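Participant: Attaching a single structure in structure tokens format; questions to follow.
The values are calculated or read from the model by the stated rules, or taken from the named source; none is laboratory data. Note that the structure is predicted; figures quoted are calculated from it, not measured. Cβ coordinates were reconstructed from backbone atoms using ideal geometry, including for glycine residues, and neighbour counts include every protein chain displayed.
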Amino acid sequence: MITTEADMSGRPMRTVVIGSNGRLGCELLAAFRDHGEVIGLARADMDLSDPESINRVLGGLEYDRVLISAALTAVDYCESNSDEAYAVNAEAPRIIAEISKKKGAHVTYVSTDFVFDGTQTGPYSEYDQANPISVYGASKLRGEEHVMNTDRANLVVRVSWVFGPGRPAFPEWIIGQALEKSDLFLPGDKIASPSSSRDLARMIKLLVTGREGEPASDIFHLCNTGICTWRDWGQFCLEEAIEAGVPLKAREIKPNLVSDVAAFIAKRPLNSALATSKYEAWTGVKPPSWQESLSSHLYKSPLLNESRELACG
Ligand SMILES: NC(=O)c1ccc[n+]([C@@H]2O[C@H](COP(=O)([O-])OP(=O)(O)OC[C@H]3O[C@@H](n4cnc5c(N)ncnc54)[C@H](OP(=O)(O)O)[C@@H]3O)[C@@H](O)[C@H]2O)c1
């Protein structure tokens, strides 16, 4: 169904997606295409580390809502480049929120499960205390605070372990590793909820387009349903690849510990599972399971398709 949202004057509602080349950003752009007008801004259009660029580009646009999906997401890079992490993940959202407030536009800031320290047992709700243990997590929490302090009507959505068609992520990486190596290890002591970028974009759209015309505000946790260890997430990917006939060298991933991974510079929360009950109560919709969404993502992926086609002759 094509829905055209319009403001009081009849002008179609205009949505700006910042980070429209990213994994989630490109799905947001697609999700809002049938909802008024949508404008995508990639790094080449607006550099979030440069306040002058944000003021010039965003200041010159008329829009009704803005979705901030862009971020400096490489956790270990952020740990060693904290000025840049705070500029992109915290200062840029502050400037965007201030420009948007002047225009009367609603802001949605995409944040992360890494705002938590991971010491809790059980999934985190929106009411649990954030206590980041990395520069990435702390810079994103600062971004959340700036956006919400600028206007309490704004929205923060925290997401976790994102995969999707727009840009290769962990599933593509682990299948690539299994093609090359016979021995694979992944942490069995870290848990979270894998999330499809396509599902997340749909969830964000439901929140932003709102109930009776009012967009959601405050903080919401969004992810697919279900929790798993990092190792089990990887194993699931391998099993889908094996099923499609991909000639993997490694068929079984052995569990290790996060502390065994020498390459990690930043600390990771061991538990960053998110509870989606607030979203479910607000929308009346339960997110699909991560296995269902990952399976359907991998089924369509070129790597698995190629193997299936070869197997079928
Ligand atoms: N990926 C995950 O597992 C995960 C987990 C929790 C939360 N999140 C959050 O979810 C959101 C979307 O993540 P994602 O997976 O879509 O990440 P992504 O694919 O890395 O996309 C991030 C986008 O931000 C852009 N960007 C980075 N620095 C920029 C700058 N200085 N100026 C302008 N644009 C800049 C990147 O530009 P280029 O295209 O030029 O690289 C990229 O398009 C982020 O806010 C992230 O913090 C992600």
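Participant: Tell me which strands (runs of 3 or more DSSP E) are completely within the stretch 1-117 and hold 2 or more residues being touching an Asp or Glu at 6+ places or on another chain (Cβ under 9 Å) and more than 15 Å from the ligand (Cβ to nearest atom), or say none if there are none. I'd like the intermediate steps shown before the answer.
Facilitator: Details: elements: 14-18, 37-41, 65-68, 106-112.
It comes to 14-18.
Participant: Sort out which residues of the stretch 187-241 are within 15 Å of the ligand (Cβ to nearest atom) and among the hydroxyl-bearing types (Ser, Thr, Tyr), and write them in order of number.
Facilitator: Correct list: 193, 195, 196, 197.
Participant: Can I ask one more? Tally the residues that are within 17 Å of the chain's Cα centre (by Cα) and crowded, with 23+ Cβ neighbours inside 10 Å, restricting the search to the stretch 125-143.
Facilitator: Here the count works out to 5.
Listed here are the residues, each with its yes/no results for (1) within 21 Å of residue 40 (Cα to Cα); (2) in contact with a Cys (Cβ under 6 Å, 6 or more places away or on another chain); (3) surrounded by fewer than 22 Cβ atoms within 10 Å (Cβ to Cβ).
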{"site": "74", "(1), (2), (3)": "no, no, yes"}
{"site": "79", "(1), (2), (3)": "no, no, yes"}
{"site": "91", "(1), (2), (3)": "yes, no, yes"}
{"site": "95", "(1), (2), (3)": "yes, no, yes"}
{"site": "110", "(1), (2), (3)": "yes, no, no"}
{"site": "117", "(1), (2), (3)": "no, no, yes"}
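Participant: Please tell me if residue 236 is crowded, with 19+ Cβ neighbours inside 10 Å, at pLDDT 95 or above and assigned to a strand (DSSP E or B). I'd like the intermediate steps shown before the answer.
Facilitator: On the way: crowded, with 19+ Cβ neighbours inside 10 Å: yes; at pLDDT 95 or above: yes; assigned to a strand (DSSP E or B): no.
No: the conditions fail for residue 236.
Participant: Could I ask something else about it? Can you pull out the residues in the stretch 248-290 that are more than 23 Å from residue 85 (Cβ to Cβ), of a type outside the set (S, T, N, Q), within 19 Å of the chain's Cα centre (by Cα) and outside any loop (DSSP other than H, G, I, E, B)?
Facilitator: Scanning the stretch 248-290 gives 278, 279, 280, 290.
Participant: I would also like to ask the following. All but one of (1) more than 23 Å from residue 200 (Cβ to Cβ); (2) touching a residue at least 60 places away in the same chain (Cβ under 8 Å); (3) more than 13 Å from the ligand (Cβ to nearest atom) hold for residue 135, so report the exception by its number.
Facilitator: Result: residue 135 fails condition (3) only.
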